[in-house]
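The values are calculated or read from the model by the stated rules, or taken from the named source; none is laboratory data. Note that this is a predicted model, so its numbers are computed, not measured. Cβ sites come from the backbone with ideal geometry, for glycine too, and all protein chains shown count toward neighbours. Just so you know, the surface numbers come from the protein's heavy atoms only, side chains and all, with ligands and any DNA or RNA stripped out. Shrake-Rupley method; radii C 1.70, N 1.55, O 1.52, S 1.80 Å.
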Amino acid sequence: MHTLKAEQLERLAEATMRALGSAPEEARIVATHLVQANLSGHDSHGVGMLPDYVRLVQAGLIVPNQEIVTLVDFGALLLFDARRGVGQRVMEATTAAAIERARSQGATVFGTRDCGHIGRVGHYAEQCAAAGMTGIFFVNVADHLAFQAPFGCSDARLGTNPFAIAMPGANGPAAVLDMATSAIAFGKARVARNKGVPVPEGSVIDDAGRPTTDPRMLVDERKGALMAFGQHKGSGLAVFCELLGAALTGGRTIQSEEETSGGILNSVLGIVIDNARMGDPAAIIDEVESVKDWIRASPPAPGFDKVRLPGEPELESRASRGRSGIPLDAKSVDDILGAAITAGVDPALVDATRAAYAA
Ligand code: NAD
């Protein structure tokens, strides 16, 4: 598969957001975030989102440069209303505010409701870890068709409601758990359908609620649903992403009586803990690294080349894609470049990107 270098994709993503009206800082934040998702191996949340962003901004469902409104400022509790603002900028800014508050309060619980798509949630957990803090995020997805069937349901009732957590380690974040609560992402079902291969057992149901490994009905007809990971336990976490992320923060929930407008709204409950207020941060990191070493000392199970901790597959991907470029299929590149033209990006940049991809 042909590749593009991270810098080329960042230039294109930044220019697309600028053409949509984002101020330079907002455009830069979105571009960096999307390309970091690609580098991390999560193409479903990388530059492939740009066609959606163009559509959503042009439909007024994501609002560039939106002012963030502070609704609650009560010691260790903060609540922000993003009002459909560009999710990556809003979440970076409100996470930074929560980190700042945790320095004086020891911890912050904060809500950021009704953001435009916030992308890879682990990014904000990593932002906390980089500040020496532990970050935990519960997120819902609304204003969008439901995709996920909670345990025991025969149809979709929730979004892919992601969850992320990170804490500081000896060299960057100690570990980053960052995941959808559905067994697989919708994008992975689409890839399986396009390749003509089955999806893993226990990841999809058909329109009668029966488990299936055939992704065609879900992808082509939007019938059936993704299953929650981990049966009733993962399903319970998905339910709490909805309840904490949106019901508690006053964000839009999936069952809103307002008609779905085909947007993507993420509402978030974040918990930020200043490790330095909990104890000696160096001693905590020592203990964290010892636990990691203990886990890594296990002989890999059959079929595994090594034991990995959460966040390590993403680090490996960043290293290899940073060297060899980001692989993109031709259709995705066409869609991204088409969206750039629709947004009004200089055709010379679009042509240069196409030429670099073909080279
Ligand atoms: P995934 O299944 O690839 O990985 C989930 C977690 O498991 C990661 O922390 C990863 O490091 C860890 N992991 C993977 N393989 C491992 C291994 N072999 N050993 C140890 N740990 C391992 O991720 P996903 O559930 O497909 O989610 C992909 C991305 O989609 C995430 O960044 C998530 O934030 C994002 N997402 C965003 C939204 C949104 O609305 N904004 C919705 C859903 C998902």
Pick from the stretch 102-118 the residues that are buried (at least 24 other Cβ atoms within 10 Å of the Cβ) and within 12 Å of the ligand (Cβ to nearest atom): which of them is nearest to D43 (Cα to Cα)?
I118
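For the stretch 186-251, list the helices (runs of 4 or more DSSP H) that sit wholly inside it and hold at least 1 residues that are small (G, A, S) and surrounded by fewer than 17 Cβ atoms within 10 Å (Cβ to Cβ); which are they? Even if it seems obvious, please write down each step before you answer.
Numbers: elements: 186-195, 216-221, 231-242.
Qualifying helices (runs of 4 or more DSSP H): 186-195, 231-242.
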Do we have A82 as in the same structural domain as Y357 (by TED's automatic domain parsing), crowded, with 20+ Cβ neighbours inside 10 Å and aliphatic (A, V, I, L, M) here?
no
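Yes or no, residue by residue, for (1) closer than 28 Å to G41 by Cβ; (2) open to solvent by less than 60 Å² (accessible area, probe 1.4 Å); (3) more than 10 Å from the ligand (Cβ to nearest atom):
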| position | (1), (2), (3) |
| --- | --- |
| N266 | yes, yes, no |
| V288 | yes, yes, yes |
| K292 | yes, yes, yes |
| R296 | yes, no, yes |
| P302 | yes, no, yes |
| G311 | yes, yes, no |
Considering the stretch 137-160 alone, what residues qualify as being surrounded by 20 or more Cβ atoms within 10 Å (Cβ to Cβ) and on the phi > 0 side of the Ramachandran plot?
D143
Those residues that are in a helix (DSSP H, G or I) and either more than 10 Å from the ligand (Cβ to nearest atom) or exposed (fewer than 11 other Cβ atoms within 10 Å of the Cβ) (or both), I need them from the stretch 313-327; list them, please.
R318, A319, S320, R321, G322, R323, S324
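Could you list, in sequence order, the residues of the stretch 53-78 that are open to solvent by 50 Å² or more (accessible area, probe 1.4 Å), of a type outside the set (S, T, N, Q) and assigned to a loop (DSSP other than H, G, I, E, B)? Let's see the steps before the verdict.
To start, the set of residues in the stretch 53-78 that are open to solvent by 50 Å² or more (accessible area, probe 1.4 Å) comprises 55, 58-59, 65, 67, 70-71, 73-74, 77.
Restricting the remaining residues to those that are of a type outside the set (S, T, N, Q) gives 55, 59, 67, 71, 73-74, 77.
The answer is A59, E67.
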For M49, work out the one condition from (1) assigned by TED's automatic domain parsing to the domain that holds I264; (2) within 16 Å of the ligand (Cβ to nearest atom); (3) open to solvent by 10 Å² or more (accessible area, probe 1.4 Å); (4) of a type in the set (A, V, I, L, M) it doesn't fulfil.
(1)
Do you know which residues across the stretch 164-174 are more than 8 Å from the ligand (Cβ to nearest atom) and either touching a Leu at 6+ places or on another chain (Cβ under 7 Å) or assigned to a helix (DSSP H, G or I) (or both)?
I165
